[in-house]
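Enquirer: Supplied in structure tokens, the structure appears directly below.
The values are calculated or read from the model by the stated rules, or taken from the named source; none is laboratory data. Being a predicted model, the structure only gives us computed values, none of them experimental. Reconstructed Cβ throughout: ideal geometry from the backbone, glycine too, with neighbour counts over all protein chains shown. Remember, those area values only see protein heavy atoms, side chains included, never the ligands or the DNA or RNA. Shrake-Rupley method; radii C 1.70, N 1.55, O 1.52, S 1.80 Å.
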Amino acid sequence: MRIVLVGAPGSGKGTQAQLLVKAFGVPQISTGDLLREAVAKGTDLGFRAKTAMDSGKLVDDATVLGMIRERIGRPDAAKGFILDGFPRNIAQAEALEKMLEDLATPLDSVVLLNLDLGILFKRLTGRRICQDCGQVFNVYSAAPGAAAHSKECGDTHRLIQRPDDKEEVIGKRLEVYEAQTKPLIKYYEAAGLLRIVDADADVDTVFKRVERAVFKR
Ligand code: AMP
């Protein structure tokens, strides 16, 4: 199973990717997570990426493509993967296509998580992440409570806000999505791979829609 999840920041790509991982046993490959890891470790790559990330812009294609090439080449990705947050523009999509062509492992489908801008804004400003277990919450809809138990933290999560979820950066990220990422919709539609999912519902309902979309021929 080789799937790309496309959608604006806050559309739920990360959450749905995690559910797909659980259901199908293939790894989630999130360029955002890989970049945040590099920043946290203080690597050269992380240092280069940080300025762009903090201001809501895209990290340069060469850096991201190098990272993806390495990650897709690891043994656990041989049976498939869920790409989350990559590709983010047409150049990345073309490079991915070439990479997968060389491996003779084309994409199965591209799922667009479709959501209204107003809802996206609220989801992003309300998003909080447990800094220990990585579980995602929202102060408007899913504050930590009975359902938020995790193996690592139990019920005691330490919530932080991603620096780029601050209101002043969100506008830029949505702008970048409109200008650079949205053209992917036409690109994948033309390739016959696009499946559109209405992402304005609770997590489980959206997941059912995603599953249906993935298996639609
Ligand atoms: P995300 O967690 O997917 O929202 O990504 C957070 C930030 O990481 C983005 O705002 C970009 O600065 C950077 N980033 C993530 N994925 C990519 C990508 N495929 N290309 C360029 N920059 C990316």
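Enquirer: Leaving ligands and nucleic acids out of the surface, order 130, 153 by accessible area at 1.4 Å, largest first. Could you put the intermediate results ahead of the total?
Expert: Numbers: 130 5, 153 25 Å².
The ranking, largest first, comes out as 153, 130.
Enquirer: Tell me what the chain gives for mean residue ellipticity at 222 nm when only DSSP H runs of n ≥ 4 count, each as -39,500 (n - 2.57), the sum divided by the residue total, rounded to 500 deg cm²/dmol. Kindly include the intermediate steps, with their values, before the conclusion.
Expert: On the way: 9 runs with 100 residues, N = 217.
Counting only the DSSP helices, I get -14000 deg cm²/dmol.
Enquirer: Just to check I understand the Karplus step: with θ = phi - 60° and J = 6.51 cos²θ - 1.76 cosθ + 1.60, what whole-Hz values come out for region 29-44, glycine and proline as x?
Expert: Result, rounded to whole Hz: 10, 10, 5, x, 5, 4, 5, 4, 4, 5, 5, 5, 7, x, 6, 4.
Enquirer: Let me know the charge dipole size of region 1-160 about its Cα centre in debye, to the nearest 20, where only the beta-carbon of Lys, Arg (+1) and Asp, Glu (-1) is charged.
Expert: Numbers: 20 positive and 18 negative charges, 84 e Å.
Value, rounded to 20: 400 debye.
Enquirer: Could you tell me, in Å, what Rg and Dmax come out for the Cα atoms of region 43-199?
Expert: So, for region 43-199, Rg and Dmax equal 17.5, 47 Å respectively.
Enquirer: Treat region 68-125 as a sphere of radius equal to its Kirkwood radius over Cα pairs and apply Stokes-Einstein at 20 °C in a medium of 1.002 mPa s; give the translational diffusion coefficient in µm²/s, rounded to a whole number.
Expert: Values: Rh = 13.4 Å.
D = 160 µm²/s.
Enquirer: Compute the distribution of all C-alpha to C-alpha distances in region 163-217, in bins of 5 Å from 0, and list the percent of pairs in each, rounded to whole numbers.
Expert: Values per bin, smallest distances first: 4, 16, 15, 16, 22, 18, 7, 2, 0.
Enquirer: Taking Cα pairs under 8 Å and at least six residues apart, what relative contact order does region 1-62 come out at, in percent?
Expert: On the way: 29 pairs, mean separation 9.3, N = 62.
Once normalised by length, the contact order is 15 percent.
Enquirer: Within a Cβ distance under 12 Å of residue 139, other residues only, what is the Lys/Arg minus Asp/Glu net charge?
Expert: Numbers: positive: 122, 123, 127, 128; negative: 165.
Here the count lands on +3.
Enquirer: Also: Let me know the Rg and Dmax you get for region 1-67 when you use only its Cα atoms, in Å.
Expert: 13.1, 36
Enquirer: Can I ask one more? Determine the order of 55, 109 by accessible area, beginning with the largest, at a probe radius of 1.4 Å.
Expert: Final ranking, largest accessible area leading: 55, 109.
Enquirer: Work from the charge dipole of the chain (Cβ charges, +1 for Lys and Arg, -1 for Asp and Glu, about the Cα centre) and give the residue of 10, 176, 210 farthest towards its positive end.
Expert: 210
Enquirer: For region 21-71, with only Lys/Arg (+1) and Asp/Glu (-1) charged at the beta-carbon, what is the dipole magnitude about the Cα centre, in debye rounded to 20?
Expert: Values: 8 positive and 7 negative charges, 26 e Å.
Value, rounded to 20: 120 debye.
Enquirer: Additional query: Below 8 Å, C-alpha to C-alpha, sequence gap of six or more: please give me the relative contact order for the chain in percent.
Expert: Details: 307 pairs, mean separation 63.4, N = 217.
Once normalised by length, the contact order is 29 percent.
Enquirer: Considering only protein heavy atoms, what is the solvent-accessible area of residue 155 at a probe of 1.4 Å, reported in Å² to the nearest 10?
Expert: Probe radius 1.4 Å; accessible area of residue 155 about 100 Å².
Enquirer: Can you pull out the trypsin sites (Lys or Arg not before Pro) in region 120-203 that DSSP calls coil and that have at most 14 other Cβ atoms within 10 Å? Intermediate results must be reported in sequence, preceding the final value.
Expert: Details: sites: 122, 123, 127, 128, 151, 158, 166, 172, 173, 186, 195; in loops: 151, 158, 166.
Answer by residue number: 151, 158, 166.
Enquirer: Sticking with this one: So what is the orientation-averaged projected area of region 32-111, using the convex hull of its C-alpha atoms, in nm²? Numbers along the way, then the final one.
Expert: Details: hull surface 22.3 nm².
Orientation-averaged projected area of the Cα hull: 5.6 nm².
Enquirer: Along the positive direction of the dipole of region 1-150 (beta-carbon charges: Lys, Arg +1; Asp, Glu -1; about the Cα centre), which of 66, 126, 35 reaches farthest?
Expert: 126
Enquirer: Normalized C-alpha radius of gyration of region 117-217, against 2.2 N^0.38 Å?
Expert: On the way: Rg = 16.4 Å, N = 101, 2.2 N^0.38 = 12.7 Å.
Taking N as the residue count of region 117-217, the ratio is 1.29.
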